[in-house]
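A short worksheet on the structure shown next.
The values are calculated or read from the model by the stated rules, or taken from the named source; none is laboratory data. These numbers were taken from a predicted model, which means no experiment stands behind them. Cβ placement follows ideal geometry from the backbone for every residue including glycine, while neighbour counts extend to all protein chains displayed. Heavy atoms of the whole protein, side chains included, go into the accessibility calculation; ligands, DNA and RNA do not. Shrake-Rupley method; radii C 1.70, N 1.55, O 1.52, S 1.80 Å.
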Amino acid sequence: MRVLEPTDIAPPFARYAHGVEIPAGYRLVVTSGQLPLAADGTIPEGAEAQAALCFENCAAILAQAQMGAADVIRINAFVTGREHMAGYMAARDAWLSDIRRLPASTLVIVSGFTRPEFFVEVEVTAAAP
Amino acid sequence: MRVLEPTDIAPPFARYAHGVEIPAGYRLVVTSGQLPLAADGTIPEGAEAQAALCFENCAAILAQAQMGAADVIRINAFVTGREHMAGYMAARDAWLSDIRRLPASTLVIVSGFTRPEFFVEVEVTAAAP
Amino acid sequence: MRVLEPTDIAPPFARYAHGVEIPAGYRLVVTSGQLPLAADGTIPEGAEAQAALCFENCAAILAQAQMGAADVIRINAFVTGREHMAGYMAARDAWLSDIRRLPASTLVIVSGFTRPEFFVEVEVTAAAP
């Protein structure tokens, strides 16, 4: 896989790639939008802890296909307010801290999710040989 | 195709899969976000009827590629309010009632679509050999 | 690639395809959501100019993989208000004016993006042999 980073447009806002090319013949994984509900039914407080849990869930799903954060090609994330963006970004950067070939990333502020206590939802798409 | 369902994270909120793995060498279909406008120009009343029409439209598009609900890998759905979630979910569950390998699903509350009368928009991605 | 256009459902709202089928064995490109920030740090005024810049950025990213607007399979666009839809659609139609095999398209009104001055975010997915 190859990062697409044209030098004649504004650089990414944060640590993600403008684009990723996936060669022919790769397996794909799509996840559902992951929500910040822990296995014990609790909901972490604050956007950073919520996003960290969403990414942990994504990792658990990817692992079932022998994939991980290094195989993610795009992150689609939704937060319920601008005040949650910094926390979300901190969790994303932590999740990707060891990753060299970064994924594409789209982040949008929306009105809400299945429960009003959720501030963050994260969906990933991944690919591997 | 294979459902990815790690047992160490909270189970899905409803009848969908946490993740789906698509083998190499599959065809893909992407649809536009389908809106609840019938062929005769009418708009059904209520989120459940609107969502049912969106899914019917998705099925008609998939059928052109010899695919159907059983081939869907991810549903991306948007509703304009929490009060429309139950109706949307009922329509989704009905559409998937005969499906054993469930798709991933992401559901988000947004501010609106191309017409204010629309409460639901549904986009699907599918894959088949 | 093949456009999927069933004749028994309402036609697309604008110049896009209801669905696209991608044969097996194609490369894929995913982009990040492109925001209307120019290389010189300026932000164009108005949704049409903002969307035009988003599409220019998408084109620059696709070009790194020897792809272009003709290879796009789905456009996912977000605007912050219904009043920005016409401008967005004008920019999209201009970007696709020479394209015969149209992409699928999903357009949603959301609450905002990484900066309050942005009215539009555009993410594309593309495929080619």
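Using the Cβ-Cβ distance between C:R15 and C:E83 with R0 set to 30 Å, the FRET efficiency works out to roughly 0.90.
Counting only DSSP beta bridges with both residues in the protein assembly as shown, the antiparallel share comes to about 75 percent.
Shown here for segment C:1-59: GluC sites (Glu not before Pro) in loop regions (DSSP other than H, G, I, E, B) with at most 16 other Cβ atoms within 10 Å, namely C:E45. Inter-copy label distances at A:E117, shortest first and taken from points set 7 Å along Cα to Cβ: 3.9, 3.9 nm. Once every Cα of the protein assembly as shown carries one equal point scatterer and solvent is ignored, give the base-10 log of I(q)/I(0) from the Debye formula at q = 0.07, 0.13 Å⁻¹, two decimals. The Debye formula, applied to the Cα set alone, gives -0.26, -1.04. Computed on the Cα trace of chain B, the radius of gyration divided by the Kirkwood hydrodynamic radius gives Rg/Rh = 0.97. Between helix B:85-95 and chain B there is an angle of about 60 degrees, using the helix long axis and the longest principal axis of the Cα atoms.
Relative to the compact-globule estimate of 2.2 N^0.38 Å, the Cα radius of gyration of segment C:47-97 comes out at 1.14. Based on Cα contacts under 8 Å between residues 6+ apart, segment B:25-128 shows a relative contact order of 44 percent. Using the 1.4 Å probe convention, the accessible area of the protein assembly as shown works out to 36 Å² per residue with neighbouring protein chains retained.
The mean number of Cβ atoms from other chains found within 10 Å of a Cβ in peptide A:73-81 is 4, as a whole number.
Applying the criteria of a DSSP loop state and at most 12 other Cβ atoms within 10 Å to the trypsin sites (Lys or Arg not before Pro) of segment B:1-106 yields B:R100. Apolar share of the accessible surface for the protein assembly as shown: 52 percent from carbon plus sulfur atoms, 1.4 Å probe. Buried surface between chains B and A: roughly 2500 Å² of accessible area, summed over both sides, computed with a 1.4 Å probe on protein heavy atoms only. The separation of segment B:1-73 from segment A:75-129, counted between C-alpha centres, amounts to 22 Å. Whole-Hz Karplus values for segment B:101-117 come out as 8, 6, x, 5, 8, 10, 10, 9, 8, 10, 8, x, 10, 5, 10, x, 6 Hz, taken residue by residue from phi with 6.51 cos²θ - 1.76 cosθ + 1.60 and θ = phi - 60°; glycine and proline positions read x.
Compactness check for segment A:16-58: Cα Rg over 2.2 N^0.38 Å is 1.58. For the modelled label position 7 Å from the Cα of B:D98 along Cα-to-Cβ, which residues of segment B:57-83 have backbone nitrogen atoms closer than 20 Å? Counting only backbone N, you get B:57-75.
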